[in-house]
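The structure under discussion appears below in the form of structure tokens.
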Amino acid sequence: MRDRRVAEPRRRGKFLLIDLDPPGTLLIHLGMSGRLLLVPGDDPILPHTHLVIVLDDGRNLRLVDPRRFGLAWWLDPGEESGDPSLAALGTEPLDERLVDLLPPRLRARRSPLKALLLDQRLVAGVGNIYATEALWRAGILPSRRGNRTSIERLCRLVVEVQSVLREAIEQGGTTIRDYSTPSGDFGSFAVMLQVYGKAGLPCPRCGTEVRDLRLGGRSTAWCPRCQT
């Protein structure tokens, strides 16, 4: 993997933290194409495997990253709080305090709410798919600016963000192209998506044609009737 000292200053985004024994934390960023595989220890090692962790039961946790944008490094106990890659990250999206912490942060910004949800400095770990779905569930226009949205609506949005994420976790994630879980299974939340990837189809809530726009370089599906 890339040398931490070179890559760390320009690497931000969603990280996986794995607590290990002996005590310490493995910090992993999957980049654009990285994936973790949990496999028997005698399985052939695939091309582009950059990290192999041997578990107590003999299985391997392997990091496979064809495009080499991923990162992995070790943190000694206590280093998590001072690590520069983590210091810039916002609150975890499933933190029970988020409904109190995030709405005022969003209300203080002039940027579109969709872009704010993807800003890892505000809330760490909300991706494009789940932000799109949460905004639809909350009935909020993705391009609506944070400072033009009431605290009440922002609280509803946070509740829907957490609801979408919990449901997606229960379904093993969302497989659109090549995503799979460490066991090799596909995430089944894709069949539960209401508007993401549905531009041109009827809104499942009101029947209006779902539209698509670009916000911050990301595709955003929305209903012109349900979301205001």
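Numbers at a glance
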{"item": "Every pair of residues 6+ apart whose Cβ atoms lie under 7 Å, when the first sits in the stretch 195-209 and is without any contact (Cβ under 8 Å) to a residue 60 or more places away in the chain while the second is among the small types (Gly, Ala, Ser)", "result": "Gly197/Ala221; Lys198/Ala221; Ala199/Ala221; Glu209/Gly200"}
{"item": "Enumeration of residues in the stretch 46-72 that are at pLDDT below 90 and small (Gly, Ala, Ser)", "result": "Gly70, Ala72"}
{"item": "Tally of residues being in contact with a helix residue (DSSP H, G or I) (Cβ under 6 Å, 6 or more places away or on another chain), in a loop (DSSP other than H, G, I, E, B) and modelled with pLDDT of 95 or more across the stretch 141-174", "result": "2"}
{"item": "Filter result (open to solvent by 50 Å² or more (accessible area, probe 1.4 Å) and modelled with pLDDT of 80 or more) within the stretch 175-195", "result": "Gln194"}
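The values are calculated or read from the model by the stated rules, or taken from the named source; none is laboratory data. None of the values given here were measured: they were computed from a predicted structure. Because the Cβ atoms are built from the backbone with ideal geometry, glycine has one as well, and the counts that use them run over all protein chains shown. SASA here: full protein model, heavy atoms, side chains in, ligands and nucleic acids out. Shrake-Rupley method; radii C 1.70, N 1.55, O 1.52, S 1.80 Å.
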